[in-house]
């Protein structure tokens, strides 16, 4: 999964979680509506009503867990292309003969500058990449890097 996809998924989760928190806060406010105060009979003038309930400070917590926040921050920080450009580059890379989706994802995430960097991405593959494929990959990456 490419970083732009991770970022998209995590942002959707964040939006959903924030919406859920808003709903819970509304429900809590409705449930905690204060009861009407007594008419004040039996009190001396100037005596204020004392509430027995203490007000607790409301802490704003992130709706995402630590791991999810970390994943979202990482994806935002290191993704180099937007969703549309990344998807388009992936599509063009997949048209190259011998390109596997896993390698195309790494090319999109890294945007290599040199032929050596591209060859390193193919290092685990049994099939060797030829110079024509490397130059085609670098050409495509160069178009999207601008």
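The values are calculated or read from the model by the stated rules, or taken from the named source; none is laboratory data. Here the structure is a predicted model, which means the values were calculated and not measured. Virtual Cβ from ideal backbone geometry, glycine too; neighbours counted across all protein chains shown.
Structure values in brief
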quantity	calculated
Subset of region 134-146 [touching a helix residue (DSSP H, G or I) at 6+ places or on another chain (Cβ under 8 Å) and at pLDDT below 90]	144
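Here's the yes/no breakdown for (1) under 29 Å from residue 25 (Cα atoms); (2) at pLDDT 80 or above; (3) over 25 Å from the mean Cα position of the chain (by Cα):
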| residue | (1), (2), (3) |
| --- | --- |
| 46 | no, no, yes |
| 50 | yes, no, yes |
| 69 | yes, yes, no |
| 81 | no, yes, no |
| 86 | no, yes, no |
| 102 | no, yes, no |
| 117 | no, yes, yes |
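Yes or no, residue by residue, for (1) outside any loop (DSSP other than H, G, I, E, B); (2) surrounded by 12 or more Cβ atoms within 10 Å (Cβ to Cβ); (3) touching a helix residue (DSSP H, G or I) at 6+ places or on another chain (Cβ under 7 Å):
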{"site": "86", "(1), (2), (3)": "yes, yes, yes"}
{"site": "89", "(1), (2), (3)": "yes, yes, yes"}
{"site": "93", "(1), (2), (3)": "yes, yes, yes"}
{"site": "98", "(1), (2), (3)": "no, yes, yes"}
{"site": "106", "(1), (2), (3)": "yes, yes, yes"}
{"site": "109", "(1), (2), (3)": "yes, yes, yes"}
{"site": "123", "(1), (2), (3)": "no, no, no"}
{"site": "128", "(1), (2), (3)": "no, no, no"}
{"site": "132", "(1), (2), (3)": "yes, no, no"}
